[in-house]
C-alpha cells in the first residue's frame, strides 16, 4: 500500500475562500478608485472673449469677436465695413453655432440677424453698434468668463 501523502501546511497562506473580508475590502477599494478617478481627469480651462476693432481701407472698420478657451481660438464673428459708409459689406460667422461661453450666446443671434449690404455698423469711441431691426451694442475689450473645471 502506498504511503499516505502529507498535506502541505496552509497556515499563514491567504486564499479568497478563506478570507471573505479581504475580498469585500478590495471591492470597496476598486469602487472608491472608480468614483474618484473621473473627478481627477476633468479638464480645467479658462474662457475669454476678445472684442476688437481695426481700421481698414479709408474709414472702414473690421470688428472681431473672438472666443478663446485656454488661449485657443474656438469661435468668432467678424463684421466688416470695408469702405467706411456704415453698411456691413461682409461677415464671417461662428465655427459652430451655440459654441459660446454662458451669457455670450447672443453672438449667434447677431450673426444671423446681420444682412450684408443692409445692416449698419458704427463705432463711437469703444462702443460698436450693429443694427438691422434689432440693435446690438457691445464694448471693445478683453472679457474673462468663468473658469471651468
Is it the case that some residue within the range 102-110 is touching a strand residue (DSSP E or B) at 6+ places or on another chain (Cβ under 6 Å), farther than 16 Å from residue 47 by Cβ and crowded, with 19+ Cβ neighbours inside 10 Å? yes
Determine whether residue 69 is surrounded by 16 or more Cβ atoms within 10 Å (Cβ to Cβ), touching a strand residue (DSSP E or B) at 6+ places or on another chain (Cβ under 7 Å) and without any contact (Cβ under 8 Å) to a residue 24 or more places away in the chain. no
Within the range 52-80, track down each residue that is part of a loop (DSSP other than H, G, I, E, B) and more than 19 Å from the chain's Cα centre (by Cα). 57, 58, 59
Would you call residue 49 under 30 Å from residue 132 (Cα atoms), surrounded by 11 or more Cβ atoms within 10 Å (Cβ to Cβ), modelled with pLDDT of 65 or more and out of contact with any helix residue (DSSP H, G or I) (no Cβ under 6 Å at 6 or more places or on another chain)? yes
Which members of the range 102-119 meet the condition of being within 17 Å of the chain's Cα centre (by Cα), under 11 Å from residue 77 (Cβ atoms) and free of Cβ contacts under 8 Å to residues at least 40 places away in the same chain? 106, 108
Residue count, the range 91-101, condition within 11 Å of the chain's Cα centre (by Cα) and either within 13 Å of residue 73 (Cβ to Cβ) or modelled with pLDDT of 90 or more (or both), comes to 3
Among 148, 77, the single one that is touching a helix residue (DSSP H, G or I) at 6+ places or on another chain (Cβ under 7 Å) and surrounded by 14 or more Cβ atoms within 10 Å (Cβ to Cβ) is 77
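The values are calculated or read from the model by the stated rules, or taken from the named source; none is laboratory data. All figures in this text were calculated on a predicted structure; none of them were measured in a lab. In this analysis, Cβ positions are derived from the backbone assuming ideal geometry, glycine residues included, and neighbour counts consider all displayed protein chains.
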